[in-house]
1. Under 14 Å from a point 7 Å along the Cα-to-Cβ line of residue 150: which residues of region 74-97 have their amide N that close?
2. Taking amide H positions as placed in the peptide plane 1.01 Å from N, state which residues far from residue 156 in sequence (5 or more) or on other chains have amide H under 5 Å from it.
3. Rank by packing, highest mean first: peptides 86-97, 35-46, with packing defined as the count of other Cβ atoms within 10 Å averaged across residues.
4. Once you have the Cα-Cα distance between residue 120 and residue 105, take 0.36 nm times their residue separation minus that, and quote the gain in nm to one decimal.
5. From the phi of every residue in region 85-93, what ³J(HN,Hα) in whole Hz does the Karplus formula 6.51 cos²θ - 1.76 cosθ + 1.60 yield, where θ is phi - 60° and glycine or proline is x?
Amino acid sequence: MADEKTVLIGRCGPTVLLPKQGASITQLRRTKPLRVDVAGGGPVGLAFACTLKSLLGDQVSLRVHDRRWMRQGNRVVWRGAAEGNNRREQVVTLQSNVWAALPSAVQHQLFAAGRFSEMWPFGPDSPESKGRPRNIKIRWIEDALLDMAQDTYGIELVPRPGREAGPLGRPARPGHRGRRPFGDS
């Protein structure tokens with residue numbers, strides 16, 4: 001397979017992995033956008049969705065599902081302690097090889113003045129050419145990326161009900177594996 005991109009064929013259809021850092025983006029030859037469902041809207045799920053939308057634009061249609069969200073007016077927001085969700089206050093260190101690979105719009109949103117600190121020395125995962133590792137609160141990452149998914153990229157966000165729900169927030173049915181086509185309500 002080519003170094004620029006890798007395509008794996010899975011049981012549910014093609015899975016497209018992002019290009020290696022520094023590689024060019026190959027246009028998808030599709031008449032319809034690639035449809036992608038992301039299970040979990042934490043830092044990794046939201047960063048993946050925002051990055052994929054940034055790279056592929058209108059060539060991809062994304063939907064992110066998370067049971068820790070709720071609707072508040074026309075927005076999706078994090079459930080609070082009153083709704084049974086204890087938000088994380090831990091700090092995570094992002095090595096510069098990681099944060100430098102994020103699209104510039106995502107970097108700009110995450111690393112607003114006063115929202116991160118550069119504390120550790122350079123190393124193999126944070127070479128001087130890319131900058132220092134950055135410490136940032138997980139809660140801030142989640143808030144910033146949730147806002148960006150809605151306001152910048154127009155990603156469909158699906159608050160899921162609690163644990164009684166099956167895959168993609170639909171009610172669980174005994175013996176049902178949960179595989180449904182994208183767009184099926």
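Nothing in this text is a laboratory measurement; each read-out follows from the coordinates by a stated rule. Please read these numbers as outputs of a predicted model, since none were measured by experiment. Cβ placement follows ideal geometry from the backbone for every residue including glycine, while neighbour counts extend to all protein chains displayed.
1. Output list for this probe position: 74-80.
2. Correct list: 62, 64.
3. Per-residue Cβ counts within 10 Å, averaged per peptide and sorted highest first, yield 35-46, 86-97.
4. Result for the pair: 3.0 nm of gain on full extension.
5. Each residue of region 85-93 in turn: 10, 8, 5, 7, 10, 5, 9, 10, 9 Hz.
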